[in-house]
1. Output yes when any residue across region 37-47 is more than 16 Å from ligand 1 (Cβ to nearest atom), polar (S, T, N, Q) and over 16 Å from ILE204 (Cα atoms), and no when none is.
2. Can you tell me how many residues within region 122-155 are under 20 Å from the mean Cα position of the chain (by Cα) and either at pLDDT below 95 or closer than 25 Å to LEU41 by Cα (or both)?
3. Return a yes/no flag: does region 150-162 have any residue that is touching a His at 6+ places or on another chain (Cβ under 7 Å), within 16 Å of ligand 2 (Cβ to nearest atom) and closer than 16 Å to VAL67 by Cα.
4. Here is a check on your reading of the model: is THR218 β-branched (Val, Ile, Thr), surrounded by fewer than 19 Cβ atoms within 10 Å (Cβ to Cβ) and under 22 Å from VAL175 (Cβ atoms)?
5. Only one of these conditions is not met by ILE124: (1) within 16 Å of ligand 2 (Cβ to nearest atom); (2) free of Cβ contacts under 8 Å to residues at least 60 places away in the same chain; (3) touching an Asp or Glu at 6+ places or on another chain (Cβ under 7 Å). Which number is it?
6. Is there a residue being closer than 30 Å to LYS144 by Cβ and within 16 Å of ligand 4 (Cβ to nearest atom) anywhere in region 164-184?
7. Kindly list, by first and then second residue, each pair from a residue in region 9-34 that is more than 24 Å from GLU95 (Cα to Cα) to a residue that is within 16 Å of ligand 3 (Cβ to nearest atom) and acidic (Asp, Glu), limited to pairs with Cβ atoms under 6 Å and residues at least 6 apart or on different chains.
8. Checking ILE130 against (1) within 16 Å of ligand 3 (Cβ to nearest atom); (2) farther than 18 Å from GLU170 by Cβ; (3) touching a Gly at 6+ places or on another chain (Cβ under 9 Å), which single condition isn't satisfied?
Amino acid sequence: MLADLHCHSLRSDGQLSPSDLVDRAAEQGVTMLALTDHDTLNGIDEARAQAVKHDMTIISGIEFSSVWNGVGIHIVGLGFDEHHPVMQQAVERQEQCRYERAKTIAVKLEKQGVEGIWDKACEIANGAQIGRPHFAQALIEMEKVSNMAQAFKKYLGAGKAGDVKTMWPEMSEVVGWIRESGGVAVIAHPDKYKMTVTKLKLLIKAFTEAGGNGLEVTTGGMESSFSKRMAQLCDEFDLLGSQGSDFHGPRPWSELGKFVPMPKSVTPVWSQWQ
Ligand code: AMP
Ligand code: MN
Ligand code: MN
Ligand code: MN
């Protein structure tokens, strides 16, 4: 059994269609998959239909954008009822939020002298949930930067003009949506927030008080020492452990089903579904 409970398709900022993603996951030996596109459920039906060909279990998934204490925090929802009215409304709201935010990002980048960025970014998103990676690609194609890393460093990363996070809902609200629609709420990639363990514990405390019950203990690129610390936090805060590659497309450092193994002490999130 191999679970990958965090990955993206071209319905948000990933590169593969949901079907191609499922095929690739099967090739990598993944037997349980959650497609967790940013703020949308649009790819899940296609993933589910394709998974039948591989005898793969699809768990409903989403990666919600939120804010806690001024920091952008990603919350993965797993195993919820996709048709629950709370979830339906939440996704509608987030889709709207993404669109409005994208317009704000475009205005800010135009002010930095990047004319025509809105049309270019929309063309690249091509109907997907628009996000900063689409703006990054637009900046590359408009020859403002030469690669993704530079696009984030100069225009889109923390503290830059295109880093608009104030429009996202509070983390506690997002956790509520997932729990009310019957799912497990999971803090995504805790290694990505550049927090001290003390700050991370404050985050987890607020998260559990809001009803949050899971933590990504291992994700693509996470160090094994960090993963062990996350296992300890699962024990301390009575959290279920989740794992996922956060795959966005084939890269030398990222693959479906690839991350350091989850420490044995952790109660895996899938124990809920078996
Ligand atoms: P958004 O959801 O619009 O805020 O965009 C965030 C997404 O951008 C993340 O999910 C990553 O896929 C991608 N991302 C964030 N930081 C970087 C970076 N420094 N370089 C490349 N991609 C990044
Ligand atoms: Mn992404
Ligand atoms: Mn994320
Ligand atoms: Mn992700």
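The values are calculated or read from the model by the stated rules, or taken from the named source; none is laboratory data. Bear in mind the structure is a predicted one, so any value in this text is a computation, not a measurement. Backbone-built Cβ (ideal geometry, glycine too); neighbour counts: all protein chains shown.
1. no
2. Count: 14.
3. No, region 150-162 contains no residue that is touching a His at 6+ places or on another chain (Cβ under 7 Å), within 16 Å of ligand 2 (Cβ to nearest atom) and closer than 16 Å to VAL67 by Cα.
4. no
5. The number of the failed condition is (3).
6. Yes, the conditions are met somewhere in region 164-184.
7. Every condition considered, the pairs that remain are VAL30/ASP4.
8. Result: ILE130 fails condition (3) only.
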